[in-house]
Amino acid sequence: MKTTPVVKMEFESILGRPYMGLVEISDQQQRTIESQYKAYQDAEEGLTKRLKLRDDAAAKLIKTLDGIGVRPVREEKLPPEKLARIRAWAARNGHNVGPRSRIPYVVKAAYDKAAAAGELQESEKI
């Protein structure tokens, strides 16, 4: 009768979570797991490299934008009653904004433009 050895398996991190256990495992299962873990590690390394490339490109772009005076948009916190008025305007003007979801910047900018042009109904004014 063939016995299956008990193996302690530890993985530092798989998708950010540690894994560990004492398991009975066949040689074939162990080879499969080792192969899959190696593939995972290779993919993780590739992802890390791509994220670094993305972050480096973003830093370069931000530096260029800063140099010409383009700054990040700081969204102001509006009270619920004002948000409701913007949502009412958005619904009347074909923008799809959920009753509790964040109002996209482009919708807020369109609302501000309509307000500046005097195109708001009285119930939509802030």
Task: Percent of C-alpha pairs per 5 Å bin, the range 69-126, short to long - done: 4, 18, 32, 25, 13, 5, 3, 0
Task: MRE, 222 nm, helices only [DSSP H, n ≥ 4, -39500 (n - 2.57), over the chain, to nearest 500] - done: -18500 deg cm²/dmol
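Going from the alpha-carbon gyration tensor of the range 27-83, what semi-axes, largest first and in whole Å, does one get by taking the root of 5 times each eigenvalue? Show your work: numbers first, answer last.
Numbers: eigenvalues 390, 95, 3 Å².
That gives 44, 22, 4 Å for the three semi-axes.
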Open item on the list: Given the whole protein assembly as supplied and a 1.4 Å probe, what does the accessible area of residue 66 come to in Å², nearest 10?
Closed with: 70
TODO: State the answer as a single residue: which of 16, 88, 33 lies farthest towards the positive end of the charge dipole of the chain, with beta carbon charges of +1 for Lys and Arg and -1 for Asp and Glu, about the Cα centre.
DONE: 88
- [ ] Compute the projected area of the convex hull of the Cα atoms of the range 1-107, averaged over all viewing directions, and report it in nm² to one decimal place.
- [x] 13.2
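The values are calculated or read from the model by the stated rules, or taken from the named source; none is laboratory data. For clarity, every value in this text was computed on a predicted model and none was experimentally measured. In this analysis, Cβ positions are derived from the backbone assuming ideal geometry, glycine residues included, and neighbour counts consider all displayed protein chains. Note: areas computed on protein heavy atoms with side chains; ligands, DNA, RNA excluded. Shrake-Rupley method; radii C 1.70, N 1.55, O 1.52, S 1.80 Å.
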